[in-house]
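The values are calculated or read from the model by the stated rules, or taken from the named source; none is laboratory data. Just so it is clear, the model here is predicted, and its values are computed rather than measured. Please note: Cβ atoms are built from the backbone with ideal geometry, for glycine as well, and neighbour counts cover all protein chains shown. All accessible areas refer to the heavy atoms of the entire protein, side chains included, with ligands and DNA or RNA removed. Shrake-Rupley method; radii C 1.70, N 1.55, O 1.52, S 1.80 Å.
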Amino acid sequence: MSQVASNGSSGSPVRIAGTGSYLPEKILTNEDLEKLVETSDEWITSRTGIKQRRVAAEGELTSHMAAKAGEKALEQAGIDGADVELIIVSTITPDTLTPATACYVQQHIGALKSVAFDVSAACSGFLYALEIARHSIGSGAFNNALIIGAEKLSAFVNWTDRNTCVLFGDGAGAAVLTRSENGDGRILSSRLGTDGAQAELLNIPGGGSACPITPENADQNLASLAMQGREVFKHAVNAMKRAAEDAIESAGLTAADIKLVIPHQANIRIIDAIVDRLEVPSENVFINVDKYGNTSAAAVAIALDEAHRQGRIEKGDKVLLVAFGAGLTWASAVVEW
Ligand code: COA
């Protein structure tokens, strides 16, 4: 198990200058799922807090959703697509295995001078991208970065497996990072962690070079999410609590200083357990898992954008972002707005 700490050693301070998100129009409710698998609205709601999720339209790709979220973040930051220098897309559902989804996004938004690549850290990926971008700007190598979490999980869900198909949704969220000047807000601290020994708990076993999809195995749904739910649940609570506490401490703060907690939106029971342990008032926690389900790398990014646009984050507020996902991976950051 490894844990990488980082707090302010990235050179110049870096801030979030804009956020954006995009959700596909199509809504799939728990009642819709009752028609697909043996499940019920009552089971899904009580075990997960999810009431509905979004599903991308036919032909709507991860890169399309990513670009739409990115354009909104750029508009809010007042930066033209052509002036973007770095694009990092975090996704486990790329348009293609290669090239990176970020390359397609570069074309969609006309960021033709940018460097663009993907990060694969599952649900923690947006915060991994945040940390990479922070150091890239803080070191002086880039002046700005567009970071995006985007997923089309509907393409990697086994729609006959009730253990997983009720949990996930599609969508994208984005943020623009720039150098912090004149007393603007800044990213105060960040923590990343990985435990590859637990890789089997949550994965997509097929479709990679370890297990290509062949005519012989094509009927086994190997290119779909597979999960040991209870084990993942336990690890998620412990890792997110630790990551949150570490980021708060690295920022020189206590939980009482945090105006808003934006946790990964996987399951309301995981969120409740963390909030309980951190002793944060529940009104200071942002929740939208009921509307979108688990959108993996997009979840924290979408929640951050919604919280920001709803006026729940004001200048000077300290916001805690914390996530957990396949890998296993976990990540946290404290941002002063
Ligand atoms: N509808 C109805 N019943 C379902 C069901 C569904 N959609 N999915 C599973 N069940 C059944 C199981 O088959 C099992 O039945 P059995 O006892 O007859 O075998 C029963 O419900 C209990 O299953 P269990 O897995 O013990 O339930 P749980 O309380 O652990 O809840 C999860 C399941 C997946 C909701 C929960 O483990 C969880 O949230 N884990 C974390 C998942 C996650 O967030 N992953 C992403 C992390 S980034």
**OP:** Tell me which residues, restricted to region 279-290, are more than 16 Å from the ligand (Cβ to nearest atom) and either part of a helix (DSSP H, G or I) or at pLDDT below 95 (or both).
**Re:** 279, 280, 281, 282, 283, 284
Subject >> Unmet criterion (only one of (1) of a type in the set (Lys, Arg); (2) open to solvent by 60 Å² or more (accessible area, probe 1.4 Å); (3) within 16 Å of the ligand (Cβ to nearest atom)) for residue 26 >> reply: (3)
**OP:** Could you look through region 246-260, keep only residues that are open to solvent by less than 60 Å² (accessible area, probe 1.4 Å) and of a type outside the set (Asp, Glu), and pick out the one that is farthest from the ligand (Cβ to nearest atom)?
**Re:** 253
**OP:** Would you point out the residue of region 151-188, among those that are buried (at least 22 other Cβ atoms within 10 Å of the Cβ) and away from the ligand (no atom under 16 Å from the Cβ), that is farthest from residue 204 (Cα to Cα)?
**Re:** 187
Original post:
Do we find a residue being open to solvent by 50 Å² or more (accessible area, probe 1.4 Å) and touching an Asp or Glu at 6+ places or on another chain (Cβ under 7 Å) anywhere in region 89-101?
Top reply: no
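Let's see how each residue does on (1) within 28 Å of residue 228 (Cβ to Cβ); (2) in contact with a helix residue (DSSP H, G or I) (Cβ under 9 Å, 6 or more places away or on another chain); (3) crowded, with 22+ Cβ neighbours inside 10 Å:
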{"site": "282", "(1), (2), (3)": "no, yes, no"}
{"site": "292", "(1), (2), (3)": "yes, yes, yes"}
{"site": "297", "(1), (2), (3)": "yes, yes, yes"}
{"site": "300", "(1), (2), (3)": "yes, yes, yes"}
{"site": "305", "(1), (2), (3)": "no, yes, yes"}
{"site": "316", "(1), (2), (3)": "no, no, no"}
{"site": "319", "(1), (2), (3)": "no, yes, yes"}
{"site": "332", "(1), (2), (3)": "yes, yes, yes"}
{"site": "337", "(1), (2), (3)": "no, yes, no"}
Original post:
Looking only at region 154-200, which residues are assigned to a strand (DSSP E or B) and among the acidic types (Asp, Glu)?
Top reply: 170
Original post:
Taking only pairs six or more apart or across chains, which ones have beta-carbon atoms under 8 Å, a first residue in region 157-172 that is touching a residue at least 24 places away in the same chain (Cβ under 8 Å) and at positive phi, and a second residue that is among the charged types (D, E, K, R) and in a strand (DSSP E or B)?
Top reply: 171/54; 171/151
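Table: residues versus (1) in contact (Cβ under 8 Å) with a residue 12 or more places away in the chain; (2) more than 20 Å from residue 298 (Cβ to Cβ).
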position: 174; (1), (2): yes, no
position: 179; (1), (2): yes, yes
position: 182; (1), (2): no, yes
position: 217; (1), (2): no, yes
position: 221; (1), (2): yes, yes
position: 233; (1), (2): yes, yes
position: 255; (1), (2): yes, yes
**OP:** From the list 110, 70, 20, pick out the single residue that is more than 16 Å from the ligand (Cβ to nearest atom) and more than 20 Å from the chain's Cα centre (by Cα).
**Re:** 110
Original post:
Of all residues in region 111-143 being of a type in the set (Gly, Ala, Ser) and within 23 Å of residue 264 (Cα to Cα), which is surrounded by the fewest Cβ atoms within 10 Å (Cβ to Cβ)?
Top reply: 120
Original post:
Of 243, 236, 223, 266, which residue is in a loop (DSSP other than H, G, I, E, B) and either within 19 Å of the chain's Cα centre (by Cα) or within 11 Å of the ligand (Cβ to nearest atom) (or both)?
Top reply: 266
Subject >> Scan of region 318-337 for residues that are more than 12 Å from the ligand (Cβ to nearest atom) and part of a loop (DSSP other than H, G, I, E, B), ordered by number >> reply: 337
